[in-house]
Amino acid sequence: MRETLLGGLKVRLVGGSDGHGGGTGPVVMLLHGFGAPGDDLVPLAEVIDAPATTRWLFPEAPLSLNMGYGDSRAWWIIDFARIQADREAGRIRDLSVEIPQGLALARERLLVFLKELPRQLSIDYKKTIIGGFSQGAMLTCDALLHTDYPFAGLVQLSGNLLAQAVWGSLMQKRNGLPVFQSHGIQDDILPYIGAERLRDALIQSGLAVEWHSFRGGHEIPESVLRRLSTFIMKALKR
C-alpha cells in the first residue's frame, strides 16, 4: 500500500502492477463512511475480485472528528443528536427531502479531486468505478450526478437518497450507467426505505441498478462482496 496526496486529499493506493497502485490498469475508487478511519475500506481490495492490474484508490475524508477513539473522519458533519431523538421517538427519517449542511463543500472537494487526479495519476474514467459506503456512498452519488465523467459504474453500499429535488433532475443524464447497490434490512443507521427510494429513483431515470438486500445492519457482508466482485469484473471489461 502507498499513501500519497492527490488532488488535495490523502489517498491510499493498492493493487496495480506493483501492489502500490502503479501502472495503467482500471481503477476502483471507494470512499469510507462517517466516523471511520481513512484506511477503513482498504481490506476490500484483498477480498473483491477485479481484472488483473486493477488499481484501488481509497481517498480519506478531510474532516477529523474527536470521537474518543482512533482517527475518525467525515466528509461532512452529521447531527447525531437528531438521529438519536428520531430513534427514541420511533421516527424513520426521510433523508430524501434533506440537503445536509456541508454536502456542497464535500462535493466541491471531491470534484476538485476528480479534476486534478488525471494530472497526477494515469487514469481513464471510462475504466473507473466510483462509489463508497454509507456517507461515502451518498457523496459519490452526489458528485457523479454533478459531473459528466464517463465512469464505468457506481457502487452504493448502505447509502440513501438525499436531496431528491436536486438529484432527481440530474439522474436522467446518467441513463444506462451500471449501479451496484446493497443495503441491510435491519440497518439502524441509514433506513432501508431510504435505500429503496434511491434504487427506485435511479431505475426510473434509466440507470441499470443491480440491487442486493440482505438480512443484517449497517455493514458489508460476504454475500455482498461476492456479488460486487461479479459487478466489478463485468463493468471494467465492457
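All of the numbers you see were taken from the coordinates with simple rules; none came from a lab. None of the values given here were measured: they were computed from a predicted structure. As a convention, Cβ positions derive from the backbone with ideal geometry for all residues, glycine included, and neighbour counts pool all protein chains shown.
Miscellaneous remarks
- Taking chymotrypsin sites (Phe, Trp or Tyr not before Pro) across region 87-178, none is in a DSSP loop with at most 10 further Cβ atoms lying within 10 angstrom of its Cβ.
- Cut-off under 5 Å, modelled amide H: who pairs with LEU65 long-range: SER72, ARG73, ALA74
- Fewest-first ranking of ILE99, ILE48, using other Cβ atoms within 10 Å as the exposure measure: ILE99, ILE48
- Order of MET171, MET138, MET29 - criterion: other Cβ atoms within 10 Å of each residue's Cβ, fewest first: MET171, MET29, MET138
- When you filter the trypsin sites (Lys or Arg not before Pro) in region 28-94 for DSSP loop state and at most 16 other Cβ atoms inside 10 Å of their Cβ, you are left with ARG91.
- Looking at the chain, the DSSP beta bridges with both ends there are about 35 percent antiparallel.
- Beta bridges by DSSP in region 4-104, antiparallel share as percent, to the nearest 5: 70
- Helix-only [θ]222 nm of the chain, DSSP H runs n ≥ 4, -39500 (n - 2.57) each, per residue, nearest 500: -10000 deg cm²/dmol
- Descending principal axes extents, region 102-159, alpha-carbon based, whole Å: 29, 22, 17
- Cβ-based net charge around GLN84, under 13 Å, with every Lys or Arg adding one and every Asp or Glu removing one: 0
- Of interest is the spacing of the C-alpha centroids, which for region 76-116 and region 1-57 amounts to 25 Å.
- Summing charges over neighbours of VAL14, with a neighbour being any other residue whose Cβ is under 13 Å away from its Cβ, gives -1 when K and R count +1 and D and E count -1.
- Dipole in debye (nearest 20) - region 1-103, about Cα centre, beta carbon charges: Lys, Arg +1; Asp, Glu -1: 140
- Size-normalised alpha-carbon gyration radius of region 77-195, reference 2.2 N^0.38 Å: 1.13
- Cβ-based exposure ranking for ASP200, ASP148, in which fewest neighbours within 10 Å come first: ASP148, ASP200
- The length gained on full extension between SER122 and GLU3, counted as 0.36 nm times the residue separation minus their Cα-Cα distance, comes to 41.2 nm.
- Seen from GLY217, the other residues with C-beta closer than 9 Å to its C-beta sum to a net charge of -3, counting Lys and Arg as +1 and Asp and Glu as -1.
- For the chain, the relative contact order comes to 19 percent (Cα pairs under 8 Å, sequence separation of at least 6).
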